[in-house]
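Peer 1: Take a look at this one; I'll ask things after.
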Amino acid sequence: MYEQIASNKRRSILIIAFFVVLIFLLAWVFEQLTGMGEGGLIFAALIAGVSAFASYYASDKIALAISHARPVTKDEFPHLYNVVEGLTIAAGIPAPRCYVINDTAPNAFATGRNPEHSVICVTTGLLEKLNRVELEGVVAHEMSHIKNYDIRLQTLAVVMVGVIALLGDWIMRSVWFGGRGRKSGGNNGGAGAIFLVVGLVFAAFGPLIAQLLRLAVSRRREFLADASGAMMTRYPPGLASALRKISADPEPLEAANKATAHMYIVNPLKNLKGSLNKLFSTHPPIEERIAALEKM
Amino acid sequence: MPVLFLFLIIIAVVVFYVIGLYNSLVTLRNRCDNAWAQVDVQLKRRYDLIPNLVETVKGYAKHEREVFEKVTQARNMAIAASGVKDQGQAENMLSGALKTLFAVAEAYPELKANQNFLMLQEELAGTESKIAYARQFYNDIVMKFNTKQQVFPSNIIAGMFQFKLKEYFELEEPAAKEPVKVQF
């Protein structure tokens, strides 16, 4: 367990370093293409530094904002609070804050940078469709992610994937318009090279994002959270039955996307099937997880 | 000269190792006490909820005086109890009395629809599971502490400074221990 925590912290640093280099590189490419010169390089370094800092401290807020989650009080959902408080005691960690997504699709995730700054987020569908033992199972699973520092890594990945996708878009657009501007000016020579670069950058994006996610999530981590969650409640059938209910629900979760899908307890993007999505597959098959829980 | 130097280094390492072991034992002992205090916090919360619950139920089911008396009596006994074992027994009686109270409430549809009653029921259920989790956490910590006192080499330090093994919290529910009898 402690090994897992150390490995998660190491990977978090690695992922930030990777991100800084990447942002710097992208900004440099951008600067080369638009011809800003020396100032552009400093600008690039600045962007890289600031975004790395921001992603460490604000990634949880970003992840919650993307998911349209809102904080809730104990008066609104007393049983969610009671379950969370109970498992907080069992896990021996500070109480996480509770957030809710207004969506009928049942699902849940945890985010934050350490147990002192953590959030457990569930959908209203989860609260309606699960009974108390099942809810306890799900919350215990999320609590294990918090305890093991999985949340830091997973939440950083959300921001990285999001920013890379955004930057790709940004470069594409600026080069597109920039290229056309030059074309009208009569300087046609650079345009071909620019498009070649953009093409290469884009070709690199898909696998890059997949690689990032693979760094952040592993099937082992989900199994581990299931196991330690079950140990927390001392009742594995609760989580098993919850997983069955969540995966059997046909509704996709609208607030989830490729950048946040890996955080959820069960993959929220149900309508996506195919070989490309296997590359982005972030969750082990639900049957295997249930079988593992039933063997306990 | 180098031999003396080496000797001093070894002594220093041993001393620091002993200090480390001693400190970790003290830390674990304090964590045990803290975990037990957590249980008390939750128990206190339950004692505070019970009079409210009894009053609410009384408003709808006046004739069930016996049940109210039983609950109130069990509550007072639980508050008075001290020590891990006695308290466990008294708490079990209280849990039993509360079960009867909720069973009685089943017969009053108006009471079951009462917002206040529903809230108290949820709070009590939440507190009960918190008590259970707090005890579980206490036992987990006690196991760590006791193990540390028994394994080598920390058992030497524990013996030297007279650390004592902590008592586990065990449920003394007679029904839970008896084998299940099935008769046709």
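Peer 1: Of all residues in the range B:128-173 being hydroxyl-bearing (Ser, Thr, Tyr) and touching a Gly at 6+ places or on another chain (Cβ under 9 Å), which is surrounded by the most Cβ atoms within 10 Å (Cβ to Cβ)?
Peer 2: B:Tyr133
Peer 1: Something else: Going through the range A:119-146 one residue at a time, which ones are over 16 Å from A:Val83 (Cα atoms) and surrounded by 24 or more Cβ atoms within 10 Å (Cβ to Cβ)?
Peer 2: Within the range A:119-146, just A:His145 meets the criteria.
Peer 1: Please find, within the range A:130-186, the residue that is modelled with the lowest pLDDT out of those that are under 30 Å from A:Trp28 (Cβ atoms) and basic (Lys, Arg).
Peer 2: My answer is A:Lys183.
Peer 1: Let me ask you something else. How many residues, within the range B:70-116, are closer than 20 Å to B:Val41 by Cβ, hydroxyl-bearing (Ser, Thr, Tyr) and in a helix (DSSP H, G or I)?
Peer 2: Residues flagged as closer than 20 Å to B:Val41 by Cβ, hydroxyl-bearing (Ser, Thr, Tyr) and in a helix (DSSP H, G or I) within the range B:70-116 amount to 1.
Peer 1: Could you check the range B:137-173 and list, in sequence order, the residues that are part of a helix (DSSP H, G or I), away from chain A (no Cβ under 11 Å) and of a type in the set (Val, Ile, Thr)?
Peer 2: B:Val142, B:Thr147, B:Ile156, B:Ile157, listed by residue number.
Peer 1: Sticking with this one: Where in the range A:73-162 are the strands (runs of 3 or more DSSP E), entirely inside, with at least 3 residues that are away from chain B (no Cβ under 14 Å) and under 19 Å from A:Gly229 (Cβ atoms)?
Peer 2: So the answer is A:108-114, A:117-123.
Peer 1: Residue under question is A:Thr123, and the condition is that it be in contact with a strand residue (DSSP E or B) (Cβ under 6 Å, 6 or more places away or on another chain) and among the hydroxyl-bearing types (Ser, Thr, Tyr); does it hold?
Peer 2: Answer is yes for this residue.
Peer 1: Take the residues in the range A:57-67 that are crowded, with 17+ Cβ neighbours inside 10 Å and assigned to a helix (DSSP H, G or I); name whichever of them is modelled with the highest pLDDT.
Peer 2: A:Leu64
Peer 1: May I pose another question? What is the number of the single condition among (1) away from chain A (no Cβ under 14 Å); (2) closer than 30 Å to B:Leu118 by Cα that B:Phe7 does not meet?
Peer 2: Looking at each condition in turn, B:Phe7 falls short on (2).
Peer 1: Taking into account only those residues within the range B:38-62 that are among the charged types (D, E, K, R) and assigned to a helix (DSSP H, G or I), which is nearest to the other protein chains (Cβ to nearest Cβ)?
Peer 2: B:Arg45
Peer 1: Evaluate the following for A:Ala95: is it of a type in the set (A, V, I, L, M), surrounded by fewer than 21 Cβ atoms within 10 Å (Cβ to Cβ) and out of contact with any Leu (no Cβ under 9 Å at 6 or more places or on another chain)?
Peer 2: yes
Peer 1: Might you check whether a residue that is closer than 30 Å to B:Thr27 by Cβ and either more than 14 Å from chain A (Cβ to nearest Cβ) or not in a helix (DSSP H, G or I) (or both) occurs anywhere in the range B:121-136?
Peer 2: No.
Peer 1: Read through the list (1) more than 30 Å from A:Leu135 (Cα to Cα); (2) in contact with a Lys or Arg (Cβ under 8 Å, 6 or more places away or on another chain), then give the number of the only condition that B:Gly83 fails.
Peer 2: Going through (1) more than 30 Å from A:Leu135 (Cα to Cα); (2) in contact with a Lys or Arg (Cβ under 8 Å, 6 or more places away or on another chain) one by one, B:Gly83 breaks only (2).
Peer 1: Give the residues of the range B:108-126 that are within 24 Å of A:Leu135 (Cα to Cα) and of a type in the set (A, V, I, L, M, F, W, C), sorted by residue number.
Peer 2: B:Ala113, B:Phe117, B:Leu118, B:Met119, B:Leu120, B:Leu124, B:Ala125
Results for (1) at pLDDT 90 or above; (2) over 21 Å from A:Ile120 (Cα atoms), shown as yes or no for each residue.
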residue: A:Ala240; (1), (2): yes, no
residue: A:Ser247; (1), (2): no, no
residue: A:Thr260; (1), (2): no, no
residue: A:Met263; (1), (2): no, no
residue: A:Leu269; (1), (2): no, no
residue: A:Lys278; (1), (2): no, yes
residue: A:Glu294; (1), (2): no, yes
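Peer 1: Still on this structure, I have one more. For B:Gly20, state whether it is assigned to a helix (DSSP H, G or I), over 30 Å from B:Gln121 (Cα atoms), more than 14 Å from chain A (Cβ to nearest Cβ) and of a type in the set (Gly, Ala, Ser).
Peer 2: Yes.
Peer 1: Okay, next question. Could you check the range B:78-92 and list, in sequence order, the residues that are hydrophobic (A, V, I, L, M, F, W, C) and either crowded, with 17+ Cβ neighbours inside 10 Å or under 14 Å from the mean Cα position of the chain (by Cα) (or both)?
Peer 2: B:Ala78, B:Ile79, B:Ala81, B:Val84, B:Ala90
Peer 1: In the range B:68-102, how many residues are of a type in the set (Ser, Thr, Tyr) and modelled with pLDDT under 85?
Peer 2: Residues meeting the conditions: 1.
Peer 1: Another question about this same structure. If A:Arg70 satisfies all but one of (1) of a type in the set (Lys, Arg); (2) touching a strand residue (DSSP E or B) at 6+ places or on another chain (Cβ under 8 Å); (3) in a helix (DSSP H, G or I), what's the number of the condition it fails?
Peer 2: A:Arg70 satisfies every listed condition except (3).
The values are calculated or read from the model by the stated rules, or taken from the named source; none is laboratory data. Predicted, not measured: the structure shown is a model, and the values here were computed from it. Cβ: placed from backbone, ideal geometry, glycine included. Neighbour counts: every protein chain shown.
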